[in-house]
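Below you'll find the structure, written out as structure tokens, and then a few comments.
Here, each number is a calculation from the coordinates, and none is a lab measurement. Quick caveat, the model's predicted, so the values are computed rather than measured. Cβ coordinates were reconstructed from backbone atoms using ideal geometry, including for glycine residues, and neighbour counts include every protein chain displayed.
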Amino acid sequence: MTIKKLHYFTGITLSIFVGFHLLNHLYSLFGPNAHIELMQKLRVVYRNVFVETILLLALLLQISSGIKLFLKKRKRVSGFFDRLQIWTGLYLAFFLIIHLGAIFTGRFILNLDTNFYFGVAGLNTFPLNLFFIPYYSLAIISFFGHISAVHDKKIKRTLLGINPNKQSYFILIIGMLLTIIILYGLTNGFRGLEIPMEYNLFSHNYE
């Protein structure tokens, strides 16, 4: 299997998981308890040794193959979606490395349940939210941007009277709108949330 095909198939695997993950984040619109309740149900599917191993392997292969493809293609790209594909891919690799490290640190070092509050602590703590809001926003936009760029290359059929190029722009716009909606939910309408002490990033009380 070529690096390109490996990257494509691991990307599909991770996209399925990310899709459910973003759906989970949309539930934050109904409050933290609704988010956590749905997460507990989804964890029945993905939080076991077998599925987590597959996801971790797919993630590592996706990052390594993506970086190789970026280094190979970065000087030979032309057009908006070509550039969008390689730069969103690079940002996603950066994000996933940090995100995975944070999850492992929370679970295995700090002994925290990496639930809703673990994820949103930085988004709702000033001045850290000045970093975390654009950091998370760019990750979601990059995810949809990457999909829209791949769609522009792979799909050549008109759908519902919309040509493939416009479909790709539509995917990107939907991603931007969902980013605003998700961040709205995760920050209680940008007013901030009360974070439990054990998840407070300024607290060292992790016993």
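Taking the longest Cα principal axis of the chain as reference, the axis of helix 129-154 is set at about 30 degrees.
3J(HN,Hα) along region 65-81, derived from phi through the Karplus expression 6.51 cos²θ - 1.76 cosθ + 1.60 where θ = phi - 60°, amounts to 5, x, 5, 4, 5, 4, 5, 6, 9, 4, 9, 10, 9, 8, x, 4, 6 Hz, with x in place of Gly and Pro.
Once the piece of chain linking Tyr46 and Ile3 is laid out straight, how much longer is it, given 0.36 nm per residue of separation minus the C-alpha distance between them? The partial results should precede the final answer.
Numbers: separation 43, 0.36 × 43 = 15.48 nm, distance 2.59 nm.
Here the segment from Tyr46 to Ile3 would lengthen by 12.9 nm.
On the principal axes of its alpha carbon atoms, region 123-207 extends 56, 22, 20 Å, with the longest extent given first. If R0 is 22 Å, what FRET efficiency do you get for Phe104 and Lys72 from their C-beta distance, rounded to 0.05? Plugging the Cβ-Cβ distance into 1/(1 + (r/R0)^6) gives 0.15. The dipole here belongs to the chain: it is taken about the Cα centre, uses +1 on the Cβ of Lys and Arg and -1 on the Cβ of Asp and Glu, and is about 1420 debye.
Remark: for residue pairs Lys72/Lys154; Lys73/Lys154; Lys5/Lys41; Lys5/Lys156; Lys73/Lys153; Lys5/Lys153, the C-alpha separation exceeds 26 Å in Lys5/Lys41.
In vacuo Debye scattering of region 27-143, one point per C-alpha: log10 I(q)/I(0) at q = 0.14, 0.17, 0.18, 0.22 Å⁻¹? The calculated log intensity ratios at q = 0.14, 0.17, 0.18, 0.22 Å⁻¹ are -0.76, -1.05, -1.13, -1.37.
Applying 0.36 nm per residue to the separation of Leu29 and Glu198 and subtracting their alpha-carbon distance, the gain on full extension is 58.5 nm.
Under the combined filter of DSSP loop state and at most 11 neighbouring Cβ atoms within 10 Å, region 58-153 retains these trypsin sites (Lys or Arg not before Pro): Lys75, Arg76.
Shown here: Cα extents along the principal axes in Å, derived from the displayed model; of the candidates (1) 49, 44, 31; (2) 52, 35, 32; (3) 65, 46, 28, it corresponds to (2).
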